[in-house]
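Single-structure report; data block below.
Read-outs: derived from the displayed coordinates by stated rules, not from any lab. Please read all numbers here as calculations on a predicted model, not as lab measurements. Cβ: placed from backbone, ideal geometry, glycine included. Neighbour counts: every protein chain shown.
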Amino acid sequence: MSEIPDDIYTEPENVDVNTLANLGPLAAMAGIWEGERGVDVNPKPEGPRRQAYIERIELHPIDPQANGPQLLYGLRYHTRVIKPGEIETYHDQVGYWLWEPATEALIHTLTIPRGQVALATGRAARDATSFEVVATRGSTENGICSGQFLEAAFRTIEFRIEVTINADGTWSYFEDTILMVKGQTEPFHHTDRNTLTKVGEPRLNPLAEAAGT
Ligand code: HEM
């Protein structure tokens, strides 16, 4: 929320428990998706390496979340990325996409098993078909936190992801993770892009399921 009210405890009443109907710009991302044409650019000793990848991402609604008067609706996601023809997980990521209807604030959290977390923020209108969230190292509101090795050897100074909801029902993203690699003076742009096609419907959030909505 942009302005902090005097009463930070009282939660909103008569909250609509149907998360799918209150996700604003995130509604088009709910469900199970696959993308076969991902492109990753990652840091290698000999320079940037381009790698094609295949991705599966599940985004399912969670029950509405109240922080006192702040009401958030969201999706919990899990992304798994492999190289074509392989089984080994090439990239794994979990987190939330959240939207606050009252302020149109967007929050994207990510955790990756390299020992790294980030909270990226932005803003998007209810009917937006393109939006971006950004995290910056050092910020206490939209920051990045890495374990000791990564912080010393591959320091992430910024992360951003831009999402575009396409007219044909697919959605695409472009993300840029800016790394300061030990021994190099120029930032490295570790980028990823993909387009996701729906392969399954989202599960209802528990309260919506119980209400039979
Ligand atoms: C589809 C998404 C992504 C894919 C496929 C991917 C893949 C990779 C690969 C292949 C490497 C090089 C690993 C190695 O050679 O050891 C790498 C490095 C790295 N990635 Fe990603 N990545 C993705 C997204 C992200 C995101 C979102 C972040 C953080 C916000 C991130 C943070 C890092 C860091 C810090 C490194 C450097 C560590 C290292 O090279 O050992 N990556 N990534």
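Given the C-alpha centroids of segment 3-35 and segment 142-203, what is the distance between them in whole angstrom?
Here the two parts' Cα centres lie 24 Å apart.
Which log10 I(q)/I(0) values, to two decimals, does segment 1-82 give at q = 0.13, 0.20, 0.22, 0.24 Å⁻¹ under the Debye formula with one point per Cα?
-0.63, -0.92, -1.01, -1.11
Would you kindly derive the ³J(HN,Hα) couplings of segment 89-104 from the backbone phi angles with the Karplus curve 6.51 cos²θ - 1.76 cosθ + 1.60 (θ = phi - 60°), listing them in order in whole Hz, with x for Gly and Pro?
In residue order, the calculated couplings are 6, 8, 8, 10, 7, 10, x, 10, 10, 10, 9, 10, x, 5, 10, 6 Hz.
Nothing charged except the Cβ atoms of Lys and Arg (+1) and of Asp and Glu (-1): what's the magnitude of the dipole of segment 58-155 about its Cα centre? Round to the nearest 20 debye.
Working: 8 positive and 11 negative charges, 43 e Å.
The calculation lands at about 200 debye.
Given a cut-off of 32 Å, what percent of all Cα-Cα pairs of segment 19-211 lie beyond it? If you can, show how the numbers build up before the last one.
Values: 2881 of 18528 pairs.
Percentage above 32 Å: 16.
Name the residue farthest towards the positive end of the dipole of the chain from the options ASN142, LEU207, ILE82, assuming +1 on Cβ of Lys and Arg, -1 on Cβ of Asp and Glu, about the Cα centre.
About the Cα centre, the residue reaching furthest to the positive side is ILE82.
Contact order normalised by length for segment 19-211, with contacts defined as Cα pairs under 8 Å and 6 or more residues apart; what percent is it? Write out the running numbers ahead of the final one.
Numbers: 508 pairs, mean separation 42.8, N = 193.
Taking the mean separation of contacting Cα pairs over the length of segment 19-211, I get 22 percent.
Which loop-located trypsin sites (Lys or Arg not before Pro) does segment 119-192 contain, where loop means any DSSP state but H, G, I, E or B and the Cβ has at most 14 other Cβ atoms within 10 Å? Walk me through the numbers before you get to the answer.
Details: sites: ARG123, ARG126, ARG137, ARG155, ARG160, LYS182; in loops: ARG126, ARG137, LYS182.
Passing both the DSSP loop test and the Cβ count: ARG126, LYS182.
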